[in-house]
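Only one structure is covered here, and it is reproduced in the block below.
The values are calculated or read from the model by the stated rules, or taken from the named source; none is laboratory data. Quick caveat: nothing in here was measured; it's all calculated off a predicted structure. With ideal geometry, Cβ positions are generated from the backbone for all residues, glycine too; neighbour counts draw on all protein chains shown. For accessibility, only protein heavy atoms count, side chains too; no ligands or nucleic acids. Shrake-Rupley method; radii C 1.70, N 1.55, O 1.52, S 1.80 Å.
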Amino acid sequence: VQLQASGGGLVQAGGSLRLSCVVSGRTFSYDMGWFRQAPGKDREFVATITYTGGFTNYASSVKGRFTISRDNAKRTVYLQMTSLKPEDTAVYYCAQKGAGSRSYDYWGQGTLVTVSS
């Protein structure tokens, strides 16, 4: 199973980025999520989306600024980030839940987002 995240980079505060994560080697038919880990901090939940895309949930810190979506035909999950703040700087990871699991069992390698003030 491989989750390949991309789209990170350096952006000024107030700017936007779109992250992508392509899943291969396993069915895409599971809930997907985005997490992030800032330097010196624990990894934290950012957003999640169900297989059908019918339900999404966000961390309070990103609600209204970030949007998670998925294209099942492309086996890709996205995270559209707008109104970025310096505190959004982190390595962003995509993850997939396992079969019958409430936890995220499969993880990508992460993509770095740096927001300058």
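Can you pull out the residues in the range 70-80 that are open to solvent by less than 50 Å² (accessible area, probe 1.4 Å) and under 12 Å from the mean Cα position of the chain (by Cα)?
Residues satisfying the conditions are R70, T76, V77, Y78, L79.
Pairs please, first residue from the range 52-66 and closer than 18 Å to V77 by Cβ, second anywhere and in a loop (DSSP other than H, G, I, E, B), Cβ atoms under 6 Å, 6+ apart in sequence or on different chains.
R65/T82; R65/S83
Results for (1) out of contact with any Cys (no Cβ under 8 Å at 6 or more places or on another chain); (2) within 23 Å of S117 (Cβ to Cβ), shown as yes or no for each residue.
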{"site": "G14", "(1), (2)": "yes, yes"}
{"site": "C21", "(1), (2)": "no, no"}
{"site": "K41", "(1), (2)": "yes, yes"}
{"site": "I49", "(1), (2)": "yes, no"}
{"site": "S69", "(1), (2)": "yes, no"}
{"site": "A73", "(1), (2)": "yes, no"}
{"site": "M81", "(1), (2)": "yes, yes"}
{"site": "Y106", "(1), (2)": "yes, no"}
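Quick grid of which residues meet (1) at positive phi; (2) more than 12 Å from the chain's Cα centre (by Cα); (3) of a type in the set (K, R):
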{"position": "L10", "(1), (2), (3)": "no, yes, no"}
{"position": "G14", "(1), (2), (3)": "yes, yes, no"}
{"position": "L19", "(1), (2), (3)": "no, no, no"}
{"position": "Y30", "(1), (2), (3)": "no, yes, no"}
{"position": "F35", "(1), (2), (3)": "no, no, no"}
{"position": "A47", "(1), (2), (3)": "no, no, no"}
{"position": "S61", "(1), (2), (3)": "no, yes, no"}
{"position": "R65", "(1), (2), (3)": "no, yes, yes"}
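Before we move on, is D105 farther than 13 Å from L17 by Cβ and of a type in the set (D, E, K, R)?
Yes.
Can you tell me how many residues in the range 6-24 are within 19 Å of R65 (Cβ to Cβ) and assigned to a strand (DSSP E or B)?
So the count comes out to 9.
Which one of these is among the aliphatic types (A, V, I, L, M) and without any contact (Cβ under 8 Å) to a residue 24 or more places away in the chain: A38, A47, A73?
The conditions single out A73.
So if I check each of L84, L112, L79, which one is assigned to a loop (DSSP other than H, G, I, E, B) and at pLDDT 95 or above?
Matching residue, one of L84, L112, L79: L84.
For the range 25-61, give me each residue that is part of a loop (DSSP other than H, G, I, E, B), surrounded by 14 or more Cβ atoms within 10 Å (Cβ to Cβ) and in contact with a strand residue (DSSP E or B) (Cβ under 6 Å, 6 or more places away or on another chain).
Correct list: Y30, D31, A38, R43, G53, A59.
Between residues in the range 101-114 that are hydroxyl-bearing (S, T, Y) and residues that are open to solvent by 80 Å² or more (accessible area, probe 1.4 Å) and part of a strand (DSSP E or B), which pairs lie under 6 Å by C-beta distance while being six or more apart or on different chains?
So the pair list comes out as T114/L10.
Give the residues of the range 62-72 that are touching a Gly at 6+ places or on another chain (Cβ under 9 Å) and part of a loop (DSSP other than H, G, I, E, B), sorted by residue number.
Across the range 62-72, the qualifying residue is only N72.
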